[in-house]
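The values are calculated or read from the model by the stated rules, or taken from the named source; none is laboratory data. Worth saying up front: this structure is predicted, and the values here are computed from it rather than measured. FYI the Cβ positions are ideal-geometry reconstructions off the backbone, even for glycines, and counts take in every protein chain you see.
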Amino acid sequence: MNTRQCLICSASLEPFISFGQMPIANGFLTPADYSSEYFFELQAGFCGSCYMVQLIEQPRREKMFHENYAFFSSTSTRMAKHFETLAELVKARYLKASDPLVVELGSNDGILLGHFARSGIRHVGVEPSANVAQVAREKGICTISRFFDEDLAQQIVTDHGQADVILAANVMCHIPYLHSVLDGFGKLLKSDGVIIFEDPYLGDIVEKISYDQIYDEHAFYFSVASLSFLFAKHGFEIVDVRPQSVHGGSMRYFVARTGVHPVDPSVGAQLAKEDQLGLRDSGTYVTLRHNVERSRDELLALLKRLRQEGKRVVGYGATSKSTTVTNYCGLTAELVEFISDTTPIKQGKFSPGVHIPVRPYEEFRAHYPDYGLLFAWNHSGEVMAKELDFRDKGGKWISYVPSVQILE
Ligand code: SAH
Ligand code: TMP
Ligand code: ZN
């Protein structure tokens, strides 16, 4: 899909950054696949009319979400804890009806929905990537392996009835056809039901210059301002917002049919913060581009200097986000020896585009490098706690969010 028109309101977009030709962020591959590797132009734009920041071109969804999808949610213990806490909140507050139904979009390997399945609560997961969906099914989680849209919403209503709660973590921002999704929510949600979803937050991207959140899967970069416009078009309103520290800064939104639930003061307060940050001003994104270009130049210069000094640098975490950084900054295997990752499906493969080898974590441990390049910076707390020995033995971390630096 390639459009210069806003996917939400059809106004003309103002492109503000191009990262050049980019591969599929989760497209870890073997050399046999190099010649057929898919590239597209990764470019983001701002809509001055509804304030939505979005990709200008997004690969077809089947290129990203399929039976070899490489992202397994349960690889992070921190995310497992995060979703356990969310499940407790939902159970305590929103499942008062008898025999309630919970529907989740992008349920992946069942990291969140499992908490409802194990409590005997009726649930349906919608997960188009067949391999991760199968892992969830093996855990006893009812999973439909399809893309959510209005038609599927109707089918779920026919088969299971309406939902008390609709959950969606790190998936709403993946779906370019949000109008169909919200029409689906209109059919699927009970009259007093609640939609709870969370995604990386635009305010954090601007503040932290975390440009690596921009990659193929993330069609949108949400703010309360842009989402308020979108939901209003479909008879919904945001009734509460709660910032989350996961994924480098996310926002959790609580949404209901307009006028049904009281609107918490957090919504107005966050809108005021967004205006202070300039999220509705196109100049903010021009400044962001300048900051991103500076960050790229500094990281490349640092890694070139370390190579000249004969230092070993190994990437830590073959994250989807790292694909933007490695390709945009031109980080090849000459600068980054390999990327250490705990996910079996990524090990033995090569990173998208720049083809840095991805190796099992045990190789990082067996022969510590001089520097660990923290691609999984959003999990830095978990990583630092786990890697005390690396530091004790003289290892240093390189981070590039919010600025390029060697962590002493
Ligand atoms: N909710 C999990 C997974 C996020 S990754 C977590 O927060 O960790 C995004 C997931 O959404 C992927 O598993 C992908 O296959 C799925 N997905 C992508 N498009 C979708 C759509 N239209 N409907 C439902 N799920 C979708
Ligand atoms: P994410 O940032 O998209 O959650 O992806 C995290 C990736 O980093 C995933 O492939 C697993 C990997 N990882 C490690 O290899 N070691 C770690 O300690 C952590 C936290 C993640
Ligand atoms: Zn718009």
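Among the residues making up the stretch 22-67, those that are part of a helix (DSSP H, G or I), out of contact with any Asp or Glu (no Cβ under 7 Å at 6 or more places or on another chain) and within 30 Å of LYS233 (Cβ to Cβ) are ARG61, GLU62, LYS63. In the stretch 300-310 there is at least one residue matching the filter, namely being part of a loop (DSSP other than H, G, I, E, B) and either out of contact with any helix residue (DSSP H, G or I) (no Cβ under 9 Å at 6 or more places or on another chain) or crowded, with 23+ Cβ neighbours inside 10 Å (or both). Do you know which of the residues in the stretch 362-378 that are assigned to a helix (DSSP H, G or I) and touching a Phe, Trp or Tyr at 6+ places or on another chain (Cβ under 9 Å) is nearest to ligand 3 (Cβ to nearest atom)? Top of the filtered list is TRP377. With respect to SER340, is the statement that it is part of a strand (DSSP E or B), under 25 Å from the mean Cα position of the chain (by Cα) and within 20 Å of LEU407 (Cα to Cα) true? So SER340 passes the test. The set of residues in the stretch 383-396 that are of a type in the set (A, V, I, L, M, F, W, C) and without any contact (Cβ under 8 Å) to a residue 40 or more places away in the chain comprises MET384, ALA385, LEU388, PHE390. Return yes or no: is GLU207 within 11 Å of ligand 1 (Cβ to nearest atom), out of contact with any His (no Cβ under 8 Å at 6 or more places or on another chain), modelled with pLDDT of 95 or more and over 22 Å from GLU62 (Cα atoms)? Criteria not met by GLU207. Residues of the stretch 49-64 that are away from ligand 1 (no atom under 16 Å from the Cβ), modelled with pLDDT of 95 or more and closer than 22 Å to PHE147 by Cα: ILE56 alone. Within the stretch 133-147, is there a residue that is surrounded by fewer than 17 Cβ atoms within 10 Å (Cβ to Cβ), part of a helix (DSSP H, G or I) and either of a type in the set (A, V, I, L, M, F, W, C) or out of contact with any strand residue (DSSP E or B) (no Cβ under 7 Å at 6 or more places or on another chain) (or both)? Yes: one or more hits. Filtered by the rule that a residue be farther than 22 Å from GLY45 by Cα and either among the acidic types (Asp, Glu) or under 11 Å from the mean Cα position of the chain (by Cα) (or both), the stretch 211-246 gives GLU237, ASP240, VAL246.
Yes/no matrix, rows are residues, columns are (1) under 20 Å from the mean Cα position of the chain (by Cα); (2) modelled with pLDDT of 95 or more; (3) within 16 Å of ligand 2 (Cβ to nearest atom); (4) at negative phi:
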site: ILE8; (1), (2), (3), (4): yes, yes, no, yes
site: ALA11; (1), (2), (3), (4): no, yes, no, yes
site: GLU14; (1), (2), (3), (4): no, yes, no, yes
site: LEU29; (1), (2), (3), (4): no, yes, yes, yes
site: TYR34; (1), (2), (3), (4): no, yes, no, yes
site: CYS47; (1), (2), (3), (4): no, yes, no, yes
site: PHE71; (1), (2), (3), (4): yes, no, yes, yes
site: ALA87; (1), (2), (3), (4): yes, yes, no, yes
site: GLU104; (1), (2), (3), (4): yes, yes, no, yes
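Only residues that are part of a loop (DSSP other than H, G, I, E, B) and either at pLDDT below 95 or surrounded by fewer than 24 Cβ atoms within 10 Å (Cβ to Cβ) (or both) were counted in the stretch 116-128, giving 5.
Candidates LEU202, LEU189, LEU167: the one that is within 11 Å of ligand 1 (Cβ to nearest atom) and either crowded, with 16+ Cβ neighbours inside 10 Å or more than 20 Å from LEU227 (Cβ to Cβ) (or both) is LEU167.
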